[in-house]
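Chemist: Once you've had a glance at the structure underneath, I'll fire off some questions.
We did not get these values from a lab; they are worked out from the coordinates using the rules stated. Nothing here was measured: the structure is a model prediction, and the numbers come from that model. Here the Cβ positions follow ideal geometry from the backbone for every residue, glycine too, while neighbour counts run over all protein chains shown.
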Amino acid sequence: MTSARDEILAKVRAALEGVEPAGPLPAPPIVHPVDDLVGRFAERVEDYRAVVTRCSADEVAATVAAVLAGGSAVVPAGLGLDVPGAVVDPSTGPGHRVGLSAADLDGIDAVVTAARVGIAETGTIVLDHAEDQGRRAISLVPDLHVCIVRADQVVADVPDAVALLDPQRPLTWISGPSATSDIELDRVEGVHGPRTLHVVLVDDEAVDLP
Amino acid sequence: MTGTFVGMPAFPEAARAALGDTQLRHNLAHATKTIRDKRARVVAEVEDWEELRIAGAAVKEAALRDLATHLEQLEASLVAGGATVHWARDAAEACEIVAQVARSHGVDEVVKVKSMATQEIGLNEVLEAEGIAAWETDLAELIVQLGDDLPSHILVPAIHRNRAEIREIFRRRMADVGRPAPDDLTDEPAVLAAAARAHLREKFLRAKVGVSGANFAVAETGTLVVVESEGNGRMCLTLPEVLVSVVGIEKVVPTWRDLDPLLRLLPRSSTGERMNPYTSTWTGVTPGDGPQEVHVVLLDNGRTNALADDVGRQALRCIRCSACLNVCPVYERVGGHAYGSVYPGPIGAILNPLLNGVSDEQTASLPYASSLCGACFEVCPVLIDIPSVLVDLRAQVVDSHRGDTVPKPEAAAMKAAAWTFSDSRRLGWAETASGLAGRVLGRFGRTTLPGGRRAAGRLPGPASAWTSARDLPAPPAESFRAWWKRTDGGRR
Amino acid sequence: MRVALLVTCINDAMYPDTGKAVVTLLRRLGVEVDFPTAQTCCAQPMVNTGYLDEAVPVVRTFVDAFAGYDAIVTPSGSCAGSARHQHSIVARRSGDPGLVAAVAETGPRTYELSEFLVDVLGVTDVGAYFPHRVTYHPTCHSLRMLGVGDRPRQLLEKVRGLTLVDLPQAEECCGFGGTFAVKNADTSVAMGSDKARHVRETGAEMVAAGDNSCLMHIGGLLSRERSGVRTVHLAEILAATEDTESRSGGPAVGARAGDLA
């Protein structure tokens, strides 16, 4: 008896008997330059009813503390920012011990992470879950996600992000808080993922603050 | 738990019943208009939308035209990433693979991300028969599941329900399967969403096995992609120890970079957003992060039939955005259930016959469930020429009946029409006869069209299909052809 | 330029005035149009219902009738679309290379009336006079299969005396769809009723379109509803002048043959 694998592949080959393979792909349209990339990013993130606070590098700690407003928080081990009172999720990966359980995370109000890239056109933040962002569960279960994005991490559009990202890492693309339009196509923010997304956008020295 | 499409009547009959449901028509008109307008706004923002569609179609077409190579590459990449790859010829095989994984972990429940492939194979029913509860976690799927209902839309399966109906379903049914709905539940969408959050959270936190589909599977890297909104997808893909993803073989794209046009096209076409709230990608197992046992089931279930169809092959480019449903004037009026499948609307009208053949009457009625207006083709992000595929499938339906011992009345009528239209003299005779009928009607008919032309009102027999709701103009006494001959083209 | 009129089977048998209007209009614009009497039907009813074998002799009749003409003009977006986009399917089905070659000649030379006027003759002001309040329904095959765009509108805007009122949700299908109108009569009528409602909402005296098949459906509903709104083909508006308007006291509608005779 042939295996399902062999049978399916044979059927695929038979179906395509005499069908020419496709020629070279047309290039997807290029990204149009935007004057104020970071401003566009902030505006588009806010369009999803996420909160954006812009600050300079030395204001990040205070800004994050103000956003957390004394609630409990978890941070990844490699965040590189001291968040007083926060639980540190241990480094994960081979040889490391297991982090907090999902139930533990469910009892924590907020999570603070960095990000890998921001996409201006779509107002999207991508996490690649490196040490400064932590494993996927920590930025999912708590109800408030405070995400620190540096201005120099913002790119214009999706193709720039795809080119930068490493598909071998798990990736989470986040565009605003969790949402649904399942009831009468009426958009509601806040279902299973964090109901509040607060982006702390750290401007470079070189960028004029508004 | 959920209902079944098995035994659904052919489309015209099912549509008639749906058209009689005024609440349904109201819900659908409201919802489809909302989503159409949203899509139009965000698509208009993209200057190069047409080029983007061409690029998106090209990626999927390239994948399909060399599918065996890409599938073998996908398998190798997945295995290299630590995933276990299974192949399923049909629904039964796929369901058995998932059930086997669940059994091997001794679980009596799984949490599910919304997935068209698992709906197509009827996974929930199979698992249920094995004593394994499959919890749908997408809000609309939850509404459908709790309401013992059937999905009626690809993106928004509960589009046929309004907020009041949903409140009723939650109040009545949530307590039977977990955390009950709060006593003060209102019909505000935000309140209903909060109830779903509370109801499902305990299931997410304890689930050992998650089940998903995938929007894309990257051959080069072995990366799977799930595009979603609510975060239920992230929950199912991240928290369980074991993840099984059922992926149709047409979901493969050759390279990581190929995701670019598709991730730009899908959210704008689907939910009418610049980007959907969450997209998750994963490549096999990531030590210390997420499920440590990852299975991928590559599913045929008729896809190789569609692949062998030179005209219909393009339907496999579909990225399940559902833009074609939202613009379809037929779908808007009859809803999804009338199509008798988890794939309703224009794409369903071609996909179901392509996957399953046209031998049963219900499936054979689907290619005719369209006025061929072309609105679907106009919005399709991967340029599927749905009207052309519909016409080709109609020919397949007709051809499948050419051997019938008793031809259908329609076939006889078409043969007669072809005979008449094959020679202009025969058409001239027919017009003379209809002109006589017109004279009779003109003299004795009681119906007059605005403007004074005589018309036929309600007629019996086959003509009633037209005249039960529409007046029919009386044929003129003289055809154009006769006039041209008599007057030498108006010169006499 | 040798120009042939493809009158279409439905106009031939049911709406001869539309064909006469095209003749009048083109003649006024200096184009002598021929009516190849061997023509019958474009075969769309068979093709769109799935009867490809039955369509083969009909397409053969079509290409025989129209061979040698530089342009084939038709007052139907749907039939133009059939010749341009579907005849090749039928020809391939026949397996006859001669037919494949023949449809490749006739297809691209087939023009819907507004395309012929605007693109080939280069006119938008055809010298028409039509003192009525009209709304325009862009039929699906004109709009999406042929892509006639705003050509009919350009023509209507130049008609003296005509008040053009916007039709809500104009681009939505009326629900005719050929045999769809009877095979899925309930859905067809549901779509058509919404179209008729939008027409009534405009307060127009008439609804115009470039396809009498769609107008037969919309008009049949408007008539059954006793709305008093008439249908009129685009060609009949464009053919109308002060002269015809004063003679008829209204537009040439339906079967009142003889205006031109």
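Chemist: Just add up the charged neighbours of A:D186: K/R +1, D/E -1, any other residue whose Cβ is under 12 Å from the Cβ of A:D186.
Modeler: Summing Lys/Arg as +1 and Asp/Glu as -1 gives -2.
Chemist: Need the C-alpha centroid separation for the range B:211-255 versus the range A:41-80, integer Å.
Modeler: With the range B:211-255 and the range A:41-80 each reduced to a Cα centre, they are spaced 29 Å.
Chemist: Kindly identify the range C:66-178 as rounded, prolate or oblate by the Cα gyration tensor criterion: order the square roots of the eigenvalues as a ≥ b ≥ c, call it rounded if a/c is under 1.5, otherwise compare a/b with b/c, prolate if a/b is larger, else oblate.
Modeler: It is oblate, given that a/c is not under 1.5 and a/b is not larger than b/c.
Chemist: Once you average over the residues of C:7-14, how many Cβ atoms of partner chains fall within 10 Å of each Cβ?
Modeler: Mean partner shielding for this stretch: 6.
Chemist: Choose one of B:P9, B:V246, B:V177: the residue whose Cα lies farthest towards the positive end of the charge dipole of chain B (beta-carbon charges +1 Lys, Arg; -1 Asp, Glu; about the Cα centre).
Modeler: Toward the positive end, the furthest listed residue is B:P9.
Chemist: Pull up the cross-link candidates among the lysines for B:K208, meaning alpha carbon to alpha carbon under 16 Å and not fewer than 8 places away within one chain.
Modeler: Straight-line reach from B:K208, under 16 Å: B:K112.
Chemist: Here is a follow-up. Could you tell me how far the Cα centroid of the range C:199-240 sits from the Cα centroid of the range B:47-106, in Å?
Modeler: One Cα centre to the other: 51 Å.
Chemist: Could I ask something else about it? Quick check: Cα centre of the range B:416-492 to Cα centre of the range B:363-382, how many Å?
Modeler: Spelled out, the Cα-based centre of one part sits 31 Å from the other.
Chemist: Charges at C-beta only: +1 for Lys and Arg, -1 for Asp and Glu. How large is the resulting dipole of the protein assembly as shown about its Cα centre, in Debye rounded to 20?
Modeler: It works out to roughly 4400 debye.
Chemist: Oh, and also: For chain B, what number results from the quotient of the Cα radius of gyration and 2.2 N^0.38 Å?
Modeler: On the way: Rg = 26.4 Å, N = 492, 2.2 N^0.38 = 23.2 Å.
Ratio of Cα Rg to 2.2 N^0.38 Å: 1.14.
Chemist: Next question. With 26 Å as the limit, write out which pairs from C:K20/C:K183; C:K20/C:K158; B:K408/B:K485 have Cα-Cα distances beyond it, or answer none.
Modeler: C:K20/C:K183; B:K408/B:K485
Chemist: Same structure again: Using a Cα-Cα cut-off of under 22 Å, which lysines could be cross-linked to A:K11, ignoring same-chain neighbours fewer than 8 residues away?
Modeler: Filter leaves B:K60, B:K251.
Chemist: In addition: For the protein assembly as shown, count the residues as N, evaluate 2.2 N^0.38 Å, and divide the Cα radius of gyration by that value, please.
Modeler: Here the Cα radius of gyration is 1.03 times the empirical estimate.
Chemist: Per residue of chain A, what 222 nm ellipticity follows from adding -39500 (n - 2.57) for every DSSP H run with n ≥ 4, rounded to the nearest 500? Don't jump to the answer; show the numbers that get you there.
Modeler: Working: 5 runs with 44 residues, N = 210.
One gets -6000 deg cm²/dmol as the mean residue ellipticity at 222 nm.
Chemist: Place +1 on the Cβ of every Lys and Arg and -1 on the Cβ of every Asp and Glu in the range C:116-163, take the dipole about the Cα centre, and give the residue among C:T163, C:S142, C:G122 whose Cα lies farthest towards its positive end.
Modeler: C:T163
Chemist: Something else about it: Evaluate peptide A:188-201: per residue, the Cβ atoms of other protein chains within 10 Å of its Cβ; return the mean as an integer. Could the numbers behind the result be given before it?
Modeler: Details: counts 9, 3, 6, 14, 19, 11, 2, 4, 0, 1, 0, 0, 0, 0.
For peptide A:188-201, the averaged partner shielding equals 5.
Chemist: Looking only at C:S227, C:S82, C:S213, which one moves most when chain C is put into a Gaussian network model with springs between Cα atoms under 10 Å?
Modeler: Per the Cα network of chain C with a 10 Å cutoff, C:S227 tops the list.
Chemist: Can you tell me which of C:93-103, A:125-135, A:34-44, B:284-294 comes out highest on packing, and rank the rest after it, using the mean Cβ neighbours within 10 Å?
Modeler: Answer by packing, highest mean first, reads A:125-135, B:284-294, A:34-44, C:93-103.
Chemist: Let me ask something else. The range C:1-81: which trypsin sites (Lys or Arg not before Pro) are DSSP loop and have at most 14 other beta-carbon atoms within 10 angstrom?
Modeler: On the way: sites: C:R2, C:K20, C:R27, C:R28, C:R60; in loops: C:R2.
Sites meeting the loop and neighbour criteria: C:R2.
Chemist: Can I ask one more? Counting DSSP beta bridges with both partners in the protein assembly as shown, what percentage is antiparallel, nearest 5?
Modeler: 30
Chemist: Cα gyration tensor of the range B:56-201, axes a ≥ b ≥ c as square roots of the eigenvalues: rounded (a/c below 1.5), prolate (a/b > b/c) or oblate?
Modeler: It is prolate, given that a/c is not under 1.5 and a/b is the larger ratio.
Chemist: Right, here's the next one. Could you list the GluC sites (Glu not before Pro) in the range B:191-288 that lie in coil according to DSSP, counting only those with at most 14 other Cβ atoms within 10 Å of their Cβ?
Modeler: B:E241
Chemist: Taking N as the number of residues in the range A:124-163, what is its Cα Rg relative to 2.2 N^0.38 Å?
Modeler: That works out to 1.29 for the range A:124-163.
Chemist: In debye, nearest 20: dipole of the range A:1-122 around its Cα centre with unit charges on the Cβ of K, R (+) and D, E (-)? The partial results should precede the final answer.
Modeler: Details: 9 positive and 17 negative charges, 69 e Å.
That gives a dipole near 340 debye.
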